Amino acid sequence: MKVLAPAFYALGSARAPMLVSIASIAINFLAAWSLTHYTRLGHAGLALATSGVSLFASVALFWILRSESPAFTAALCCAAPGRSPWPPR
């Protein structure tokens, strides 16, 4: 999430990261509370909830960024170091 949010700021759209962050906080609270109270995971439940919410936020921001910017593809994110996929072929 910390990598994708500046891309939105560069595009002049700060609303999407804010909404995803608010949703992530709510989901994290519910997941952490339920994993610690209804299972015997304890601190591991907190870690699992935080990891799951982080994955949710990253996927959500990536999906929104792809819909807002057609030039943004997975190849841009997953390029080999030192080798730029830009411009797309």
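Read-outs: derived from the displayed coordinates by stated rules, not from any lab. Worth saying up front: this structure is predicted, and the values here are computed from it rather than measured. FYI the Cβ positions are ideal-geometry reconstructions off the backbone, even for glycines, and counts take in every protein chain you see.
With R₀ set to 35 Å, the beta-carbon distance separating Met18 from Arg40 gives a calculated FRET efficiency near 0.50.
Calculated over region 5-77, the projected area of the Cα convex hull averaged across directions stands at 5.3 nm².
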